Structures are given as C-alpha cells and as structure tokens.
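The values are calculated or read from the model by the stated rules, or taken from the named source; none is laboratory data. Predicted model only: the values in this text are computed from it and were never measured. Positions of Cβ are generated from backbone atoms using ideal geometry, with glycine treated the same way; all protein chains shown enter the neighbour counts. Calculation scope for accessible area: heavy atoms of the full protein, side chains included, ligands and nucleic acids excluded. Shrake-Rupley method; radii C 1.70, N 1.55, O 1.52, S 1.80 Å.
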Amino acid sequence: MNKWLLSAGVFSLLLVFVHVFLGGPEIHDPVLSSDLDPVVIAVLSVVWHGITIVMLVNGVLLLAAASQERLVAGVVWTTIGQYGGFTLLFIYYGLVQLENLMDMPQWISFVIVTGCAAMGLRRAKI
C-alpha cells in the first residue's frame, strides 16, 4: 500500500466535501440566485459540477493506485496535470484580479494533493 497515494486520495475526496458543502453555499448558490443571464448561470453550474466530478474521480483513482502499482504513473501524472493547472489558475487570478492569494486559498489544497501524489510516484517501484 502506497501511503502517499492513499493520503492524496483521501485528501482529494475531502476536497469534494469542502467544495460541495462549504463552497456551494458560498460560491455556487449566490451564482444561482444572481441576475446573470440564465445561459451564463447554466454554464457556471456545469463548470462547478464538472470540478466536483474531477475531484471525485481523481480521489477514487488515487485510492485505487495506492494499492495497484500498475495504475500509479497514469493516475499520478493526470492528477498532477489537473491539480497543478488548478493551482496555477487560482494563483494567477488571485494575484491579478484580487491582488492576494488568500481570498482564494484553494490552491493550497491542490498543492498538498499534488505533493502527496508526487511523493507516491517517487515511492512506487515503477
């Protein structure tokens, strides 16, 4: 059992719960209640739920890779690519539009999962 990948998978699944139960009321619900064009609201809802699916799938795959070494390389590089991209987006928009990194601290969580996954890749015997 690769404990780094197990940790990354559990943390990714925890992010799903944070995203849905904390982020939903803070971010998604106000969008739904806004006066934005209904098409914009629908697109933002698809993006919101798409991110939920990505985090859920990544979490499940990381858990699977923790015990099935043949999955490690593909799962870890995919997770690093996705979560690394999310990290860069949060950092960029935090700095450019908000002029700080702490109004959108989600990047920290993605760095942690990415770091654990990278350590799991390093520890794997592939």
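Counting only protein chain heavy atoms and rolling a 1.4 Å probe, the accessible areas of Trp107, Trp77 rank, largest first, as Trp77, Trp107. Short to long, the 5 Å bins of the Cα pair-distance histogram for the range 24-126 hold 2, 12, 17, 19, 18, 14, 9, 6, 3, 1, 0 percent of all pairs.
Computed from the C-beta positions of Glu99 and Arg122, the FRET efficiency with R₀ = 41 Å rounds to 0.70.
To the nearest 10 degrees, how steep is helix 3-18 against the longest Cα principal axis of the chain, on a 0 to 90 scale? The two axes meet at around 20 degrees.
Note that the range 32-47 has calculated 3J(HN,Hα) couplings of 4, 8, 7, 8, 4, 4, x, 5, 5, 4, 5, 5, 4, 5, 4, 4 Hz, one per residue in order, obtained from phi through the Karplus relation 6.51 cos²θ - 1.76 cosθ + 1.60 (θ = phi - 60°); glycine and proline are x.
Report the gain in length on full extension from Leu88 to Leu56: 0.36 nm times residue separation, minus Cα-Cα distance, nm rounded to one decimal.
Gain on extension, Leu88 to Leu56, equals 9.5 nm.
Taking all protein chains as shown and a probe of 1.4 angstrom, Thr78 keeps an accessible surface of around 70 Å². For the chain, carbon and sulfur atoms together expose 71% of the accessible surface, with a 1.4 angstrom probe and every protein chain in place. Multiplying the residue separation of Ser34 and Arg70 by 0.36 nm and removing their Cα-Cα distance gives an extension gain of 8.3 nm. For the Cα atoms of the chain, what angle does the longest principal axis make with the long axis of helix 106-123, in degrees from 0 to 90, nearest 10? With rounding to tens, the tilt is 10 degrees.
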